[in-house]
Amino acid sequence: MGILENVRDLAELVKKTGDIEFYRKIVALEGEVIELTRQNRLLETKVAELDQKLTVQASLSFEAPFWWQEGDDTPFCPSCWELKRQAIHVVYKFSNAEFTRWDCSVCKTIYAPKLGKARKPPDPTRPNRNTVPRGGAWT
Ligand SMILES: [Zn+2]
């Protein structure tokens, strides 16, 4: 039996005694328990989110201009990661003789690091295990 059920049972018992002031106190306590339970759920969700972010943070390393995760050929947007701690993959667009272009679909930043200054882009013929294919399903 949870704390809320215990308080509700107590309220029913107090109600039977006919002590209105005592009953009002128990009903107020029930409201406080409900609010604390709600706040506890929110905090548990927040802790889980922060735990996830810490796990991602520990797995990332910076190699200008991007953040990279070991075993992942697609870098993460430095703007999204450093401002909001959101690990957002940038999207490879093309390479030419001077630079490679990557775009962030979330913050819309366009990156064009000069060749030789940044890691080689992924082979477009090789599927990236961290990218959902166009059909929306993992293969
Ligand atoms: Zn971004």
Discussion item. Taking 10 °C and 1.306 mPa s as the conditions, I'd like the Stokes-Einstein D for the stretch 1-105 in µm²/s, using the Kirkwood hydrodynamic radius from alpha carbon pairs.
Written reply: 87
Practice prompt. Treating cross-link reach as a plain straight distance, find the aspartates and glutamates whose alpha-carbon is under 19 Å from the alpha-carbon of residue 108, omitting any fewer than eight places away in the same chain.
Written response: 82
Worksheet item: Given the C-alpha centroids of the stretch 9-33 and the stretch 52-81, what is the distance between them in whole angstrom?
Response: 54
Discussion item. Quick check: convex hull of the Cα atoms in the stretch 64-111, volume per residue, rounded to a whole Å³?
Written reply: 76
Worksheet item: Using a simple charge model, +1 on the beta-carbon of Lys and Arg, -1 on the beta-carbon of Asp and Glu, nothing else, what dipole does the stretch 3-56 show about its Cα centre, in debye to the nearest 20?
Response: 100
Worksheet item: Counting Lys and Arg as +1 and Asp and Glu as -1, what is the net charge of the other residues whose Cβ lies under 12 Å from the Cβ of residue 39?
Response: 0
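Report, in listed order, any pair from 93/114; 53/93; 53/114 with a Cα-Cα distance greater than 19 Å. Don't jump to the answer; show the numbers that get you there.
Working: 93/114 14 Å; 53/93 27 Å; 53/114 30 Å.
Violating the 19 Å Cα-Cα cut-off are 53/93; 53/114.
No value in this document is a laboratory result; all are computed from the given coordinates. Remember, predicted model here, so these are calculated numbers, not experimental data. Here Cβ is always computed from backbone atoms with ideal geometry, including for glycine, and neighbour counts include all displayed protein chains.
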